[in-house]
1. What tally of residues in region 85-96 results from selecting those that are surrounded by fewer than 21 Cβ atoms within 10 Å (Cβ to Cβ) and farther than 9 Å from VAL39 by Cβ?
2. Here's a check for you: in region 28-55, which residue that is of a type outside the set (S, T, N, Q), out of contact with any helix residue (DSSP H, G or I) (no Cβ under 9 Å at 6 or more places or on another chain) and assigned to a loop (DSSP other than H, G, I, E, B) is surrounded by the most Cβ atoms within 10 Å (Cβ to Cβ)?
3. Which of the residues belonging to region 11-27 are of a type in the set (A, V, I, L, M), in a helix (DSSP H, G or I) and either crowded, with 19+ Cβ neighbours inside 10 Å or touching a helix residue (DSSP H, G or I) at 6+ places or on another chain (Cβ under 8 Å) (or both)?
4. I'd like the residue in region 65-109 that is modelled with pLDDT under 95 and of a type in the set (S, T, N, Q) and, out of all such residues, is nearest to PRO43 (Cα to Cα).
5. Against the definition (modelled with pLDDT under 90 and in contact with a strand residue (DSSP E or B) (Cβ under 7 Å, 6 or more places away or on another chain)), how does SER143 come out, yes or no?
6. Check whether at least one residue in region 82-95 is assigned to a helix (DSSP H, G or I) and within 19 Å of PRO15 (Cα to Cα), and report yes or no.
7. (1) on the phi > 0 side of the Ramachandran plot; (2) touching a residue at least 12 places away in the same chain (Cβ under 8 Å); (3) over 13 Å from the mean Cα position of the chain (by Cα): which one isn't true of ASP106, the others all being true?
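The values are calculated or read from the model by the stated rules, or taken from the named source; none is laboratory data. All values reported here derive from a predicted model rather than from experimental measurement. Ideal geometry is used to build each Cβ from the backbone, glycine not excepted, and the neighbour counts take in all protein chains shown.
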Amino acid sequence: MAFGKLLVAIDINDPEGSEQLVAATRSLVAGSTANVHLVFVAPSLPTRYSRYLRAEFASDVRAEGLEELAKWAAALDLTPEAVSVEVRQGAVAAKVLAQATEHRVDLIVVGSHKSGLVQRLIGSNATAILRDAQCNVFVVKHSG
């Protein structure tokens with residue numbers, strides 16, 4: 001099965017997991033003309049904490065996210081026209097699913113961390129994406 005449009009959810013705070021996602025994506029698109037959209041979703045902070053942050057905090061997070069995504073985009077070894085990057089802020093699963101709908105992707109590539117007690121009780125982002133996605137989902141298990 002060939003995929004024409006892929007959405008890859010990158011966590012810039014997890015370099016090892018991101019490397020695994022990029023390696024898996026490279027394998028999935030090798031020899032194809034697929035387009036890849038990389039997205040980093042920065043979690044929203046409760047508003048009660050915003051008064052302690054610099055006014056530029058959100059724009060700094062966005063700039064750092066775009067810089068890191070550009071590095072991962074280059075690692076895909078695709079033409080620049082075949083790769084796009086975006087930083088969103090909010091609930092990870094909801095934003096990834098919204099991006100998948102907006103970009104009409106065929107496949108979402110997402111990482112899965114070892115599950116702890118919290119993930120077992122409320123579920124992980126990968127689980128929510130897998131459950132609610134309207135397209136195929138490829139889960140890359142974190143080996144670290």
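1. 4
2. Here the answer is LEU53.
3. Once the filter is applied, which keeps residues that are of a type in the set (A, V, I, L, M), in a helix (DSSP H, G or I) and either crowded, with 19+ Cβ neighbours inside 10 Å or touching a helix residue (DSSP H, G or I) at 6+ places or on another chain (Cβ under 8 Å) (or both), region 11-27 yields LEU21, VAL22.
4. Taking the candidates together, the pick is GLN89.
5. no
6. The answer is yes; a qualifying residue exists.
7. (1)
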